[in-house]
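Visitor: After the structure tokens below, expect a handful of questions from me.
A short reminder: the numbers here are calculations on the coordinates, not readings from a lab. Predicted, not measured: the structure shown is a model, and the values here were computed from it. Positions of Cβ are generated from backbone atoms using ideal geometry, with glycine treated the same way; all protein chains shown enter the neighbour counts.
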Amino acid sequence: MSGPNPSLADFATYRLHRIVKQFDRGIAHAYSEALNLSLSEARTLAAIGEFGPFLIIDLARFANLDKSQASRAADHLIKQGLVKREPSPTDGRAVLISLSAEGKPLFEKIMRIASSRHETLMSALSPQERAVMELALGKLVTQVESML
């Protein structure tokens, strides 16, 4: 940081947030154009496909969405037949959200788009810079989780 009164641009969190928001705008457009999905819907499908099935509260956390956003996205995807609700085998009152057979091919398309855009972004870094960044991000994730 520069001097006693740092600039907002000096904060790594500010710069990371700018990267994420700009990346989100671009990938939201790609999901909308290619798959007719909103960013929330694509994140919901991606999280369920990668880590699910989920309770809605866990889905929100893994998809990096508010609980209400995750719930609305899941409801819309259920109406489209891309995800389904099932009773939890361990808690009769709980409902799990999982991919339907129709949702699996869409999950794969989402991941191809995400992977392509991720590689384009990361191409700005050398392999060594990528390795350092991955290590640093892991440490920052651990640190921020300990701050909650």
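Visitor: Looking only at region 37-46, decide whether some residue is surrounded by 18 or more Cβ atoms within 10 Å (Cβ to Cβ) and more than 27 Å from Val141 (Cβ to Cβ).
Guide: The initial filter retains those residues of region 37-46 that are surrounded by 18 or more Cβ atoms within 10 Å (Cβ to Cβ), namely 37, 39-46.
Within this subset, residues satisfying the condition of being more than 27 Å from Val141 (Cβ to Cβ) are none.
Looking through region 37-46, none of the residues is surrounded by 18 or more Cβ atoms within 10 Å (Cβ to Cβ) and more than 27 Å from Val141 (Cβ to Cβ).
Visitor: Which of the following residues is under 13 Å from the mean Cα position of the chain (by Cα) and either small (Gly, Ala, Ser) or on the phi > 0 side of the Ramachandran plot (or both): Gly81, Gly49, Gly26?
Guide: Within the list Gly81, Gly49, Gly26, the selection yields Gly49.
Visitor: Could you grab me the full set of residues in region 58-81 that are more than 22 Å from Asp24 (Cα to Cα) and aliphatic (A, V, I, L, M)?
Guide: Residue satisfying the conditions is Ile78 alone.
Visitor: Which of the helices (runs of 4 or more DSSP H) contained wholly in region 44-148 include at least 1 residues that are among the aromatic types (Phe, Trp, Tyr)?
Guide: Filter on region 44-148 gives 56-63, 103-122.
Visitor: Could I ask something else about it? Which of the residues spanning region 20-43 are in a helix (DSSP H, G or I) and in contact (Cβ under 8 Å) with a residue 60 or more places away in the chain?
Guide: Within region 20-43, Phe23, Gly26, Ile27, Ala30, Tyr31, Ala34, Leu35, Ala42 qualify.
Visitor: Which condition breaks for Phe107 when tested against (1) over 26 Å from Ile19 (Cβ atoms); (2) surrounded by 15 or more Cβ atoms within 10 Å (Cβ to Cβ)?
Guide: Result: Phe107 fails condition (1) only.
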